[in-house]
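Data first, discussion second: the structure below is written as structure tokens.
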């Protein structure tokens, strides 16, 4: 009897899952995190799927794996559009990256500062022109044809760029720049999107035959995959740890995987567009580029190319007239009910509250607002924590390298039995002590910044406060090639030094983000300090392009931000405004300025902070 039960249970388990094969178009890395997470977290298993994820090999032909039934689903570039136009049975389920990670990468110690400078240079590209179309379009838009450059077959070896065997190399923005940064080598990125060319990438696809024969399996796989990607981008560190342990065939470091995830998240999301969406207009623009380069002469049949559940208008097609009537009726009923409820509550509150009770309510609301402001101050410091840790990591790297070199030297001498002169030993010991003191001072700076009291005041020199701000930001500014030009008139102030430093740090970091985001070549932050008997005036001016007039009045509002949700909280300038006006009893204003510096015409945001001396 037990044997029969075992056989029945085994049969049920076999029928409960369906084997599905997914073929990737490159080696394992964070680029495919959503598929790994859907598998590791059981999203596929929950829908009855047993998914095998195949890594790319040199023998893999992405376009043949599905027709030859070596895989059920595959990941490809925008070039699958041409294959579909030319008659291949391809249906795109979704595009994970709304913007292609494909870029041209150069060293920053060359004379290449614009796309036009690539003329007559050596460029390393893949042999597949369809996959390189976005890069070719970028070059063409600047008047550079293929005959104007020296094409080199792609070696997929970053050392060729480092050793200057090529002037530029087709790269992924989420891979090679991170490796260049880890090696301490400066670089420049030329991105097709900056020239108006937006290509999809990592398009998940299958065939119409497979969908017809397996409609529910396809739908389950697509929905579980999107869940996996949502988790991967919402939990980058945890996802990177799983990849590091189970899918790290390229032997990347955990930090490299995390950086890769943060970069790819920016490419996957576009404002107002669901993850994985395929837009008809963007597909049409991509086809136009292919036509310009003679890769196709036909148009794309959007409806046959895009999976039905990816269509934004899918729901509208499925609603019948009767359903619409019901929805309208229910909506009207809900609105009318809500109006009556609100009216009733309003009248009831008016009737119940006496003058005394109303005063108590106002006092309570004021207390809640004060508490919210305190919470926002804490949130601001937590948001700054990541930036501070990054700065400390930069500042620690050199001292730790020196200490490591000294200890290695001592260890080598001991192992080889070589004599160590007393004078050399004292020198090494003194050098290690100096580096350790520097590390300790960095921690003290960090601790002092995060232990500020919002109420206390003390005398301090404004030059010392500015020096602390520069010390906390210097590595971040240095790595982003930002120059600080300081003009200071020192004076003694009675105020809260740590709160002023926090307010200034918010403006410094906003200026840095603006200049990096707009990829300004000339990056400057000008800091001017003027004092008189009554007040201190701090003027900060950047070269980040300035603030648009229609949002100028909103920048000091809480949670207002022009950055992507992965980059900004909208608290920085609000905290600065609150600190200056409420805690330091001063004023702060902002505007856009156009000015000249060393024969450069610069435009940027200008912040003016005025504080009482006493």
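The values are calculated or read from the model by the stated rules, or taken from the named source; none is laboratory data. For clarity, every value in this text was computed on a predicted model and none was experimentally measured. When we count neighbours, we look across all protein chains shown, and the Cβ atoms used for this are built from the backbone with ideal geometry, even at glycine.
Taking region 262-297 only, how many residues are assigned to a loop (DSSP other than H, G, I, E, B), loosely packed, with under 13 Cβ neighbours inside 10 Å and more than 29 Å from the chain's Cα centre (by Cα)?
Number of matching residues: 2.
So residue 126 fits all but one of (1) closer than 22 Å to residue 264 by Cβ; (2) surrounded by 16 or more Cβ atoms within 10 Å (Cβ to Cβ); what number is the exception?
All conditions are met except number (2).
How many residues does region 134-154 contain that are at pLDDT 85 or above, part of a helix (DSSP H, G or I) and touching a helix residue (DSSP H, G or I) at 6+ places or on another chain (Cβ under 9 Å)?
9
Inspect all residues belonging to region 218-226 and state whether any of them is closer than 30 Å to residue 125 by Cβ and assigned by TED's automatic domain parsing to the domain that holds residue 89.
No, every residue in region 218-226 fails to be closer than 30 Å to residue 125 by Cβ and assigned by TED's automatic domain parsing to the domain that holds residue 89.
Just give me the residues in region 177-219 being part of a helix (DSSP H, G or I) and under 29 Å from the mean Cα position of the chain (by Cα), in sequence order.
Residues satisfying the conditions are 177, 178, 179, 180, 181, 182, 192, 193, 194, 195.
Restricting attention to region 513-557, report how many residues are in a loop (DSSP other than H, G, I, E, B) and more than 24 Å from the chain's Cα centre (by Cα).
3
Every residue in region 497-522 that is in contact with a helix residue (DSSP H, G or I) (Cβ under 7 Å, 6 or more places away or on another chain) and within 13 Å of residue 473 (Cβ to Cβ), please.
Residues satisfying the conditions are 501, 502, 504, 505, 506, 507, 508, 509, 510, 512.
Could you please find all residues in region 94-120 being in contact with a helix residue (DSSP H, G or I) (Cβ under 9 Å, 6 or more places away or on another chain), assigned to a loop (DSSP other than H, G, I, E, B) and either in contact (Cβ under 8 Å) with a residue 12 or more places away in the chain or assigned by TED's automatic domain parsing to the domain that holds residue 35 (or both)?
Within region 94-120, 98, 99, 100, 101, 110, 112, 119, 120 qualify.
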